[in-house]
Amino acid sequence: MSLRERLSPVEGWITVALVALLCVTLAWSIDDVGLVLGRGDFTDFLAPVAVAGVAISFIGVKVGWGRWTTFMIGSVLGALVVPVLVGQIVTGVPASPGQAFVATASSTVEAVTDLLVRNLPFTTEYGHYLLVLGILVWATAMFASYAVFGHRRPMSAIAVVGVILLINMSLTTNDQLRLIVLYTVASLLLLMRAHVLDEQTEWLRRRVGDPGSLSAMYLRGGAVFVTVAVGGSLLLTGAAKSAPLQGIWTDVSGNLVEVSRSLQRFLPVGGSSVSFGADFDPSGTSIRGIWRPDSQVELTIQVPAGDKTPYYWRAVTWDQFIGNGWRTSQTAKLPVDAGQPLLDTSQDAPDPTISTEVTFAITPGRQTTTVFSPLTPVSVDQPTNVNVVGDAERLGSIQRLGNGTYHVTALVPKSGDAAGEINAAALQAAGQDYPADIATLYTAIPADAIPIGGYAEGLLTQMVDETKKGGTTLDPYDFALHLQDRFRDSGPNKLFTYDTNVLDLFAGDCNDISAVECFAHYRRGFCQFYATTMAIFLRAEGIPARVVEGFLPSAPASDGTVTIKNDQSHQWVEVYFPGYGWVTFDPTGGGRSSQLAALPTGKPAASTGPRATPKASRRPEQAGPTGNTRGDNGGFDSNPAAASARGPFVAIAILLAVIMAALLFIVWQRGPRGQTTPDRAYGTVTKLAARFGFAPRPTQTVYEFAGSLGEVLPGARPELETVARAKVESAYGRAVLGDERIRTLRAAERRLRLRLLRLAFRRPRRLGRRR
């Protein structure tokens, strides 16, 4: 038989086209979302990859490679072809196959190093995302094609492709109805053709009628059914008022949402995918180029009667800037019992003489462990873990261990003109006698945050010059206030444009520069860019500052209830003032205008003098305190470098655990468990044989199947005969097997579990009737 004849499908070329359409629909669905940096053109290669995956398995079946050989050859080809296609996108210019492959490999290694070795909360690489998507589509297409042409199980192909398609559609905000229609039509027609093929084979075997005319009748009737079914479904969809997939994540488990938020650093960003909003990850966050929260209610807060203060609800703070994100450099987890002081040993504890104690009842809209509070909380009525930073145990975040509504008590600063109250004059006179740990943790910046001669340095110099009075710069409070006002300004001297989607910058020139330099250059961004740039500019002038993430204020209802939605998630800046602690500044203008109330002017106080601009303000980031290793009693267990070094070992441990679990599963599967029956023993044989491509035909008798399988595995004939005879006698003869027969049957089933593994090395085929 010639190669052309062997490749000619008995199923018909239309079946091949339907399988390809099924897989291409999946590729189009993923491409439509624009997962990677919002660039739909980045994933245009997925459709050809799907066609190639279908072709590999189809050729493997027709030339007789066998199941494992086909998958092995397909995997090798996929490992060569997909990286080359991805490399062409990563390089951005035409490249040779070798250069493209190296570009993909380098991008993937760098991404893994960022996330697992350096333990960064993000990576600026994107080649690995494209590689994973390409391999997913290639592997799915190979499986679907082999399921149809090798195993003759179109339902398996439809189910696997459908599950991945459904997951992707539930995670996008795009209307993909047209793709659902394509998938449905291809699935129905594929099932119809597979059924006709099986019936045609049976008609030939039993010499029933004219197979050609009968199959034509089935196909015509099936086509009419598909047309009517799909048309009717479209009419119902157009008239329906519900959108079954649109709100699939609305009422999803809060724990799943919180896990999803914590995994965002491993996932691609961009496109029309569903957003879970701010992640509130205590370990760190990334500036991802897009800010797209939803309108889900996150918190319902009961404030004291008559309290109209616009509280900013703090969730987490970070101290270390890493170019395109923030993280905590050293953390300790301090367990605190319900109602006990949260910051008993922390130097971040607020001064009660300049603060007012206020208690809030907070009910999360979605289950979350993060404790929200205005500025500094002092107690929570549930057990908590307090994440602190540095030897002085500065507050990072608080995670509660309970559920439901919790009550948090916070010390809110007293603002006013009286002595001991916070006002502009008091902060102007606060001076710069910063604690050592504050200066170390909150004035450090990486060397490339403000590149020498770059746009950020030019903008900072401009803003410093604007504050000069008599040759000296303003005090820290006035300088911070000037930055805040300049960043917010919407007048003729407007510096920045509020834009929640700057993925185009991250896919271009901003991919390998700091967010501060990007914002200073292109003047577009959202709260993360505003807050980060202001904080780094303050640090560059020797003023301690940090970025905070939480929720914007919301006006209370008449009963004192405040409703906080996810689209109020926000980032702002806190600046440290000696004697007063952290004070909130919100530089974001545009769509996220600040809601901070202006501080009272206050009475002029003796000033400590103007600040001197530090000469080393562009210095590389300083290392935080190290060497403190306190155990599980709530202390430091490592510095960041040591934690990063554990990443590969954790990955290896997880891999070993997976391998061990797989081995245990195989051992558990080997022997028959529970009571042995003829039906169960025969079912074991058919299932194992089907897994290796030797499934029985629906019309095949028990003896026909056992005889045909015995021809493939002659050594298993005695056991096959034992199982077949027991099945026939019990099913058709209503015989009840004695204990001795059951023991023999059990032994035969056990031996067949091992003998049937040899089918993995045979060419898969449907077992015909014994000749």
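The values are calculated or read from the model by the stated rules, or taken from the named source; none is laboratory data. Keep in mind it's a predicted model, so treat the numbers as computed, not measured. Every residue, glycine among them, receives a Cβ derived from its backbone with ideal geometry; neighbour counts consider all protein chains shown. To get the accessible areas, we keep the full protein, side chains included, count just its heavy atoms, and leave off ligands, DNA and RNA. Shrake-Rupley method; radii C 1.70, N 1.55, O 1.52, S 1.80 Å.
Once the C-beta distance of Ala305 and Asp381 is scaled by a Förster radius of 22 Å, the resulting FRET efficiency is 0.65 to the nearest 0.05. Rounded to the nearest Hz, the phi-derived 3J(HN,Hα) couplings of the stretch 400-405 under the Karplus curve 6.51 cos²θ - 1.76 cosθ + 1.60 (θ = phi - 60°) are 8, 9, x, 10, x, 5, where x marks glycine and proline. Full extension of the chain segment joining Arg758 with Ala735 gains 5.1 nm, where the gain is 0.36 nm per residue of separation less the Cα-Cα distance. Taking a ≥ b ≥ c as the square roots of the eigenvalues of the alpha carbon gyration tensor, the stretch 309-438 is oblate, as a/c is not under 1.5 and a/b does not beat b/c.
With the simple model of a label 7 Å out from the Cα in the direction of the Cβ, Ser156 to Gln99 spans 4.3 nm. With a cut-off of 15 Å on the backbone N, no residue of the stretch 36-79 is near the modelled label site 7 Å out from Asp509 along Cα-Cβ. Couplings 3J(HN,Hα) for the stretch 69-76, derived from phi with the Karplus relation 6.51 cos²θ - 1.76 cosθ + 1.60 (θ = phi - 60°), are 5, 4, 5, 5, 5, x, 5, 5 Hz, where x marks Gly and Pro. The heavy atoms of Glu466 offer some 80 square angstrom of accessible surface to a 1.4 angstrom probe.
Model label points for Arg680 and Ile452, set 7 angstrom from Cα along the Cα-to-Cβ axis, are 7.8 nm apart.
For Leu596 and Thr359, compute 0.36 nm times the residue count separating them, minus their Cα-Cα distance, and round to one decimal in nm.
Extra length available between Leu596 and Thr359 comes to 83.3 nm.
Here r is the Cβ-Cβ distance between Ile742 and Arg717 and R0 is 22 Å; the resulting FRET efficiency, rounded to 0.05, is 0.60. Averaged per residue, the stretch 48-93 has 41 square angstrom of accessible surface, using a 1.4 angstrom probe with ligands and nucleic acids left out.
Return the carbon/sulfur percentage of the accessible area of the stretch 276-322, one whole number, probe 1.4 Å, all protein chains in place. Percent of accessible area from carbon and sulfur atoms in the stretch 276-322: 55. The mean accessible area for residues of the stretch 409-500, using a 1.4 Å probe and ignoring ligands and nucleic acids, is 42 Å² per residue.
Judged by the ratio a/c of the largest to the smallest principal axis of the C-alpha gyration tensor, the stretch 287-350 counts as oblate, that ratio being 1.5 or greater while a/b is no larger than b/c. Each of Arg725, Arg691 has its accessible area taken with a 1.4 Å probe; listed largest first, they run Arg691, Arg725. Label the stretch 373-466 by shape, choosing from rounded, prolate and oblate, from the square roots a ≥ b ≥ c of the eigenvalues of the Cα gyration tensor; if a/c is under 1.5 it is rounded, and otherwise prolate applies when a/b is larger than b/c, oblate when it is not. It is oblate, given that a/c is not under 1.5 and a/b is not larger than b/c. Label separation (Gln462 vs Asp41): 3.0 nm, computed from points 7 Å beyond Cα along the C-beta direction.
Computed over protein heavy atoms with a 1.4 angstrom probe, the accessible surface ordering of Lys687, Lys494, Lys62, Lys414, largest first, is Lys687, Lys494, Lys414, Lys62. Computed from backbone phi, the HN-Hα couplings of the stretch 11-25 come to 6, x, 5, 5, 4, 4, 5, 5, 5, 4, 5, 4, 6, 5, 4 Hz, rounded to whole numbers (Karplus: 6.51 cos²θ - 1.76 cosθ + 1.60, θ = phi - 60°; Gly and Pro given as x). Computed with every protein chain present, the accessible area of Arg288 is close to 50 Å² [probe 1.4 Å]. Note on the stretch 288-330: dipole from Cβ charges, positive end direction compared against Leu299, Tyr312, Trp326; the farthest Cα belongs to Trp326. For the stretch 461-584, the share of accessible area belonging to carbon and sulfur comes to 45 percent (1.4 Å probe, ligands and nucleic acids excluded).
Per atom type, the stretch 98-163 shows carbon and sulfur on 73% of its accessible surface, probed at 1.4 Å. The length gained on full extension between Thr405 and Asn174, counted as 0.36 nm times the residue separation minus their Cα-Cα distance, comes to 79.6 nm. Ordering Arg743, Arg486 by accessible surface, largest first, gives Arg743, Arg486; the 1.4 Å probe counts only protein heavy atoms, with every chain in place.
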